[in-house]
Amino acid sequence: MTVPRSGRGWKLAPALVAMEAEADRIAPNRSRASDGSIGDTSHQARKSDHNPSGGWVRALDLTHSPTRGWDTHARARQVAQNVKNGIEKRVEYIISNWLIFSKKNGVWAWRKYTGPNGHTRHAHYSIAKGQENNTSAWFSGVPAFPTAPLPPPYNPTPNPPQ
């Protein structure tokens, strides 16, 4: 199943349609539980690239699904590295695992993200205005550093002896 690609007065940017299709080719069995395009009521109440602007939705969320072949956080770092290397020009910002990758004072970097959603179940990709129709490849090769699994919950009470 794909994310909604159009509605009354809006279309998902073709660059992001291409991103979702590429993720599906790389990991055809990936979970899509947290995939998203058009903003819900919560997004509509605030500034978000999930809300249409000029007829375009410029944001896409891709679910973190490492057991099904899609480590969305590693892929976010891969795209961010391509931005830093000057290879990727479409990105406005990326949010992934309580971090935001954006340009500040002319420097692209990952910084702490303090928004209402830590984007741990998905990564959020926003593209720059004017980049809507650039459908070139987003992901190349295998990310070098997979995301470490989350540690088990802390249990302050050890199991009693039996």
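What follows is calculated from the coordinates using simple rules that are stated; it is not laboratory data. Predicted model only: the values in this text are computed from it and were never measured. As a convention, Cβ positions derive from the backbone with ideal geometry for all residues, glycine included, and neighbour counts pool all protein chains shown.
Below is a table of values for the structure above.
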| item | result |
| --- | --- |
| Cα gyration tensor category, rounded, prolate or oblate, for segment 58-137 with a/c compared to 1.5 | oblate |
| Descending semi-axes in whole angstrom, ellipsoid equivalent of segment 61-100, from the Cα gyration tensor | 20, 11, 8 |
| Extension gain from N51 to N117, taking 0.36 nm per residue of separation minus the Cα-Cα distance | 22.1 nm |
| Partner lysines for K129 [C-alpha distance under 23 Å; skip if fewer than 8 residues away on the same chain] | K11, K47, K84, K89, K103, K104 |
| I26 versus K104: modelled label distance in nm, points set 7 Å from Cα along the beta carbon direction | 2.6 |
